[in-house]
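Student: After the structure tokens below, expect a handful of questions from me.
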Amino acid sequence: MKNNEINELAAELWSEHEKALSALFLHRPGLRGEIANNLRELIDWDKYVPASEQNRERNIVIFPKTWNKIPVQQSGNETWGGPRVLGFQFENLPEKKQLDLMLIIGPSSDSKTREELAKKVFKHFRMTKPEKRARYKIKTWLILTKEDFEKSESELFKKIKSKWNVIEKEIKKDVPKILKITTVSAESN
């Protein structure tokens, strides 16, 4: 078959079956795993530690290694593979056309310290009062939009890499603020 014949056939198939083909593309086997693997390749593991407890494809939780020295981190419980309470979570939901990165306050063995930390961090970021839950979402960065999931995998992964680079720069700006808040929170207890 020649290219122009293939193009004509593809156009005809697309015009007759656009919804079905779009749904197949979005829900193709392994997309969540492919995105998770792509994220793991992008992360500089000299700077971050992965959580031990996590759904390895849906939620990928990481911690900056430099945060291990923060006193409040020691109030975390062992759920994340060490006493860590502050971290970042990638929420990988291609079936909902969503990929986000969230700064979170997670499980803690000291609920009082965790609640005080949540109040101070939420106040600093001018957020509403935190509700009691397993993990507080402090800040969310949108990595992929619904429109991005219509693109080819190579375009999808280029966008993930580009957004991760931008987010990492933003994180570096926020880290000193967060460290100051968490240090004050730890010292006040």
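The values are calculated or read from the model by the stated rules, or taken from the named source; none is laboratory data. Remember, predicted model here, so these are calculated numbers, not experimental data. Cβ atoms come from the backbone with ideal geometry, glycine included; neighbour counts cover every protein chain shown.
Student: Return the residue satisfying two criteria in turn: it lies in segment 135-153 and is touching a residue at least 60 places away in the same chain (Cβ under 8 Å) and in contact with a Phe, Trp or Tyr (Cβ under 9 Å, 6 or more places away or on another chain), and of such residues it is surrounded by the most Cβ atoms within 10 Å (Cβ to Cβ).
Tutor: F149
Student: Sticking with this one: Would you point out the residue of segment 154-188, among those that are exposed (fewer than 13 other Cβ atoms within 10 Å of the Cβ) and of a type in the set (S, T, N, Q), that is modelled with the lowest pLDDT?
Tutor: Residue satisfying both the conditions and the ranking: S188.
Student: Are any residues in segment 78-117 outside any loop (DSSP other than H, G, I, E, B), within 19 Å of I62 (Cβ to Cβ), at pLDDT below 75 and of a type in the set (G, A, S), and if so, which ones?
Tutor: Across segment 78-117, the qualifying residue is only S108.
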